[in-house]
Every structure is written in structure tokens, then in C-alpha cells.
Amino acid sequence: MAVQDKDVFDYEYDDESGKIEINLLGSVYGASIEDYPEVMSRVINILQEVPEATSVVLSESRDYEYDQEQVHLLREISNAIRDISSQGYLSQSVRTDKCESLYSEQLPEVQRIVVDQLRKDPVGAYVQLRRKERHLKQQRNDSYPQRQRCIKFFIQDVVNPVKDRLEECQLIQDAVREDFVTGHHVGDREVYREYFHPLVRPNFMLTKFMSLPPERGKEVDRYTVKEDVEVSIYEVPDQVQPVYHVDPPEFSLPEEKYRLLDAARRFLASHQPESGEFARPERMRDVFQNIGRDMIRDISQQMDIQLSGEEMEEMTSILNRYTSGLGVLELLLADPKIQDVFINSPIGNSPIYIKHQDYEECETNLIPTKEEAESWATRFRIKSGRPLDEANPVLDTEAEVPGGRARVAIIQENLSPEGLAFAFRRHRSKAWTLPLFIHENFINSIGAALLSFIVDGNRSVLFAGTRGAGKTSLLSASMLELLKKDRIVTVEDTLELPIRQMKDLGFNLESMKSRSVITQVENELAAQDAIRTSLRLGDSALVIGEVRSDEAKTLYEAMRVGAVANFVGGTIHGEDAYSVFDRVVNDLNVPKTSFKATDIIVQVNKIQSPDGLETYRRVTGITEVRKEWTDDPQEEGAFVDLMRYDSNKDELVPTDTLLNGESLILNRIAENIREWKNDWEAVWNNIQLRKDIKEEIVRKAEEEGEEYLEADFTVKANQRFHILSNKVGEEYGGQDPERIFARWKEWLNQQ
């Protein structure tokens, strides 16, 4: 690497990456090739010294990076200047004795255009040459013969060769094709703003971002995240993938605030957090917030920068996000419409990609750097306590930021030849609920009511589906249908269930973290051992984050011997009931007879639009597993649908089995309740009552606010339903759905 003194316009060149970094701190010009002719001129000069460079970074309070394609435009101009000079077109020797007067008159102007103007304004220089040619041709018509001949030679030997060489440059070709040349005012920079769009990175952060919207992009949506982060969705012609363009306040601060944040970040960098602080991110964030606020206040006074109280908090939050936080990842994970975030290797060569609930796969205007990716990997490794190295190239963990949670998968060499890569599966910061799913058309009210009845009836339920279909979210929502008096034990290798929120809501819950089947960390307990341990923690509902390995045998053993007498729930990959059976028996080696311990399989899948550009998450079936079969439950009729997805109606519809009261599982639930035994009408009325209640919650939310759909209110509503059911039963000697619903609705209207 060649390193020059750090004066204005001095530069460093990294021959490994091909990047030139030019210092513009303290420059009287801005750090912009497209806006400032002096900057363009200096960059072209540097490219003559370093012709092999592939990118240029202008460093001020922000870094402005021009990529290979944009640098190529300038390099061609640089090469043209070199060629024109070396070919002698501008030399005094081109003149003849008879034309000395004309050459002495005209040549200096062409020399000025090439030597000075061409570096600062290539399009303007080309326009001047065209005008010079046109002007000389007009003079030629009015001159005496000898001057006509001299003008002809001058055009032929000087003007045309220079003009022709410039026309070989792509920048000039594009300007001519796009008609920027006609009527161009020499010195006008608008044409360069069409071709030069740098990636911008404030010095206090590591991520580069594209500040301008995509070329020819049409904005199709705009919304706000976290009150001050603007998000725009752009459709781009001839591009299937939309662009997710995020514009938080830190991308558009005045220069003085960038200098303030950069100084504060450098001071904070001297504080080396201990591993315990990483393990408690909320504690670290509070510490950095307090330190950062004092630091921002002191440095702003030293720099004589006046900040209001609101500006002080905004600057502190931004500083905190890029020191104790996860930087731009926090912006993405806080967007409730984002489902997945993907950062591909090699880091720095491509933007972050996301999956959006409304616009599917999108590319973003954010490009992380290798340094930032390594910082994230280190932080997740320390926080999880799991290794990430050559011997363990995969890390499976979780992340939590203000406004969002995510499951994190990281790979590195040797598994990923081009280095680190990340995948984030985002979860809501708050738990999903069945009313919220009804509102989102993920499930309808009768399907939600049936699921509530099954969970309340302490059945064993597997939530099956493809990746990203919503299995874990639906399991989380189902857990909220349990009463707070029911003890719950969860076993997960990566924490995805809303444990903290459920505990805050008063649930009696114990969470266990087992060994990842991918990373195989020796100091963590294997999932099957964690399940065996859970059975010794008292009479409890048991929830398994995902059934995917040896723990399946242990789970089914527990279910078969009746060690777990309450609700049992878990997720598993599978498209339908038979694929779940195939996976459990043939892939996970659970005996066929043990599989009979499964009562209900809820299928969750992605429904694709006819054009293939959109997908929708839907519950596509609720199937009971009957027990009277020997070898193949499919052939022997053991899989009986209670509800089935109707694509024409885009919702679940009850089957005749359900409507006629022929479900063996639901009747088995009824057998344990005195008033419902042998009375299908009473059972169905209870399911309908649950349906009416959930519909009322959704209606209330649509009228008064979506907070009615959230977990705290859903749990209150469920508890109130059970309390009122008990009171009505005591008063009238039995369940009366109409009275229960009337009292419950009265309670709802008082909320």
C-alpha cells in the first residue's frame, strides 16, 4: 500500500482491493465528483498515477465511494488526455510556416480545453470542441484561399483527432445518446449527477448507503419505522426485485453533527465492554446511553454546536445505535414488515437483501463493510457463548434490538469460501396472537377458535410447514390460549418463543436452552436430555421449539407413557400430515406406534400468486390423527381433516367430519368434561363462542386501535372468558354461551 501525507487531496492506494482513498478533510471543496469540477480534476489526475484503481473514496466527515463502473468513466477520460498529449495533436510542431498565424491564434484555446477544461468538465470540453469546429467551418467559408486551407488543416489535424478520441469515451457517448450535449451550458454539473452516484458512509458508522433513489425507480409505498426512519419501496423497470430504500435521520445530518458523532464515537471506542455486557445487551445499551449523552453534551460545547434537548436525545440514540447496538441491522429488525434479512459473502460486494411481507424479496440501499460484519460476528459469538471459528464455522443464535427479535445464522470459512455471511429470521418484538393472525388473514376466526379449543383441551399438536411459513409464530400465539395457572416448560436450541413477554404477562413459565444440532456445543445439554429434564420439573405443558433430531424419540416416549398430561406443542418441517409422519418415522426414527401420540397436525404454508411474484402465509389445514391403524396412516384413513383450505375463498372451511361431530379427538376432549360428554352441540357451541369472541376483538381493534390485538389484551380477554364461563356455570347450573358472550362483550366495551 502506498501511503502519502494526509494533506488535502493526498491519497492512499490499496493494491489488494484496488481502492484509492483521497483525503478531503479541510478542503474548501465538497467531497463530490459530480458537484465540484476541481474534485473531478484531481481525481482524474490521480487515476493517471494509479490507472489500475477500481474504486475511489473521497473522505471528509463522510466517505463517498464511487464504484468500478463510475471510476471506469473517469479512467477513460484520463486515458484520452494521455493519448491526446502523447500523439502530439496539441504540439507547436503541427503548424506550418504558411499557417503559423492561424495556429498561434487557435491552438492555445484547444490546448486549454484539453489540459484544463477536459479534467474538470469532460462533457463541456467536448461541447466546446464541437462549437470550435462549427465556428471554424463558418470562418472557412468567408476567408481567402490560404486561410481556408489553414483552417481545413487545423480542423483535420487538431480538432477532429481530439474530438474523435473523446467520442471513444463512454461518458461522452452516453451524454450524446441521452441528448445532454445539445444546449449544454459549459460548467453545468447536472449531467454528472446522472452518472455519478456515490455510496455514502458517515465516519461514525461502517455501513455504506445509496442516498439517492434507484434510477428510474417508481415509489410505490412509503411508511415510517420507529417514528423517525423513513422507508420507501421502489419498483424499477426490468427488475423483478423491488428496492427497499431506508432513510433514517443519521443519513442526512448537517456536517457539524457528523463531526460531533465521529468525535464521540472515537471517545467511546476507548471503552472496552466486558463479555458480560454483551451478554446483557439491554444493560450495555443503558450504560452507553448515559455515557453517550454526557459525551455529546461536552463535545458539542467544545465545538460550539448548539443542540436542543430533542436534538441531544436524537444524537445520543444514533451514537448508541452504532456503538453498543447493531448499527443498520437495528433499523431493519425494527421494521415489523421485514421477515428475513440476508447478508451474503463476500461482505461489501453486494447490498443487504430483505424479505418484505408486502413486497417479497427486496434489495436495500445498504452495503455493509467487512469490518462491520466481523464486529457483528464477534458480538454474536460472545453473547451466545458458542464458538465461531475454523472448527465451528456455523453459529446459531438470536438477536434482540429495540422493536424486534431475530433468529441468527452465521457461516464463515471453511464452510463459506468467500467469508462471513448472515441470515436473520425476524420475529415480532411482541408475541403473535390468534386475533392478530385473523386480522392478517393468516387464519380465519373459526379456525382460530378450533385451535384455541384444542390447546385448551390439552392435546398434543404439531405445527408443520415450510421454512418461513409461520410455524413458530402460530405456536407462540397458541401458547397464549393457555391459562396463566398452567405451568409451561419450553425447550429450544435457539430462543424464538416470546418467553420474556409471557413471563411479564404473568405466565408460570420455565425456559430451557438446549444444544444446537448444528453447532454441537459440548457445554450445552442435548435436546433429548433437556426434554427428559423438563419432565422432572413438575406437571407442565411442554413446548418444543422445533422437532428435528434425536429429541423426537424422547418427546414421543414422554407422550406415550403419559408423563406429559397437558398441552404438548412443537414445530416441524412438513407440507402436510403425511409428510410429517414420513419425517418423524423415516427421518427421525420414531417408531410408527409412537407417532400415534400425535393428536393434531396444523399445516401452515405459503400460497403463491399466479404470476409467482407474491406469496401469502396461510393455515392450510387442521388434521386429527386417529389411532386405529397399523402400518400406513394415510392408506388406513388415520389422517382426517377437520378444516381444509379453500383457495377460492382464501380461508379454512370446516369439513363434514367437524360439522357432524365425528372428530374423535374433539369428542375425547369432551369426555373429560361432564357437561360436554356425548353432547356434540355443546362442544360446537363452545367453539362458536370462542369464534365470536375473537371476531369481536378484531372488530374492536379495527375501530379503536390495534393494541387490542396484542398479547396483553388477548391474554386478558382469554382469562375473562374463562372467569365468566365459570360464573355463568355456577349461577345457571351449566354453560350458557349466549349469557357468557353477553357478559364478555359488556366487559370488552368497558375496556
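The values are calculated or read from the model by the stated rules, or taken from the named source; none is laboratory data. Since this is a predicted model, take the numbers as computed values, not measurements. We place every Cβ from the backbone using ideal geometry, glycine too, and count neighbours over all the protein chains shown. In case anyone asks, the SASA skips ligands and DNA or RNA and just uses the protein heavy atoms, side chains included. Shrake-Rupley method; radii C 1.70, N 1.55, O 1.52, S 1.80 Å.
Here are some notes:
- Taking only the Cα atoms of the chain, the ratio Rg/Rh comes out at 1.12, with Rh defined as the Kirkwood radius.
- The alpha carbon centroids of the stretch 289-315 and the stretch 204-271 are separated by 22 Å.
- Thr630/Thr378 FRET efficiency (R0 45 Å; Cβ-Cβ; nearest 0.05): 0.25
- Extension reserve of the Asp164-Glu575 stretch, reckoned as 0.36 nm per residue once the Cα distance is removed: 141.5 nm
- Positive dipole terminus of the chain, leading residue within Val543, Gln87, Gln170 (C-beta point charges): Val543
- Karplus 3J(HN,Hα) series, Hz, for the stretch 247-256 with 6.51 cos²θ - 1.76 cosθ + 1.60 (x for Gly, Pro): 9, x, x, 5, 8, 9, 7, x, 4, 5
- In this Cβ point-charge picture (+1 for Lys and Arg, -1 for Asp and Glu), the stretch 460-509 has a dipole of about 100 debye about its Cα centre.
- Residues of the stretch 142-163 with amide N under 14 Å of a point placed 7 Å along Cα→Cβ from Ser91: 158
- With an a/c value of 1.5 or above and a/b larger than b/c for the gyration tensor axes a ≥ b ≥ c computed over the alpha-carbon atoms, the stretch 18-144 is described as prolate.
- Between Leu483 and His722, the simple label model (points 7 Å from Cα in the Cβ direction) yields a spacing of 0.5 nm.
- Segment Asp221-Arg266, length gained on full extension (0.36 nm per residue, minus Cα span): 12.5 nm
- Backbone N within the stretch 126-146 under 17 Å of label point (7 Å from Glu190 Cα along the Cβ vector): 127
- Inter-centroid distance (Cα atoms) of the stretch 26-86 relative to the stretch 362-381, Å: 28
- Added length on full extension, which subtracts the Cα-Cα distance from 0.36 nm per residue, Leu25 to Asn566: 188.0 nm
- Taking amide H as placed 1.01 Å from N in the peptide plane, the amide H of Val590 sits under 5 Å from that of Val585, each at least 5 places away or on another chain.
- With contacts taken as Cα pairs under 8 Å and at least 6 residues apart, the stretch 1-144 reaches a relative contact order of 17 percent.
- Solvent-accessible surface (1.4 angstrom probe) belonging to Lys596, in square angstrom, nearest 10: 50
- Computed 3J(HN,Hα) for the stretch 355-362, one whole-Hz value per residue from the Karplus formula 6.51 cos²θ - 1.76 cosθ + 1.60 where θ = phi - 60°, is 10, 9, 5, 9, 10, 6, 6, 9, glycine and proline marked x.
- At 0.692 mPa s and 37 °C, Stokes D of the stretch 633-751 from Kirkwood alpha-carbon radius, µm² per second: 201
- Residue among Ile607, Ser594, Thr620 farthest towards the positive dipole end of the stretch 556-656, charges placed on Cβ: Ser594
- Spin-label model, Ser416 to Ile607: label points 7 Å out along the Cα-to-beta-carbon direction sit 3.5 nm apart.
- Among residues other than Met643 with Cβ under 11 Å from its Cβ, the summed charge is -3 (Lys and Arg +1, Asp and Glu -1).
- Cα→Cβ-extended label distance, 7 Å offset, between Asn349 and Arg130, nm: 3.9
- Of all DSSP-defined beta bridges confined to the chain, some 70% are antiparallel rather than parallel.
- Karplus (6.51, -1.76, 1.60) ³J(HN,Hα), θ = phi - 60°, over the stretch 137-152, in Hz, Gly and Pro reported as x: 5, 5, 5, 4, 5, 9, 9, 6, x, 5, 5, 4, 5, 5, 4, 4
- In the full protein context, the stretch 334-377 carries 36 Å² of accessible surface per residue, based on a 1.4 Å probe and ignoring ligands, DNA and RNA.
- 10 Å beta-carbon shell around Trp747, net charge (K/R +1, D/E -1): +3
- Rounded to the nearest 20 debye, dipole of the chain from Cβ charges on Lys, Arg, Asp, Glu: 240
- Rounded to the nearest 500, the 222 nm mean residue ellipticity of the chain from helices alone is -12500 deg cm²/dmol, with -39,500 (n - 2.57) taken per DSSP H run of at least 4 residues.
- Taking every protein chain into account, the 1.4 Å probe leaves Lys137 with about 100 Å² of accessible area, to the nearest ten.
- Accessible surface, per residue, of the stretch 537-693 when the full set of protein chains is kept, probe 1.4 Å, Å²: 46
- Val50/Thr369 FRET efficiency (R0 25 Å; Cβ-Cβ; nearest 0.05): 0.70
- Subset of Lys606/Lys649; Lys132/Lys152; Lys355/Lys606 violating a 20 Å alpha-carbon distance limit: none
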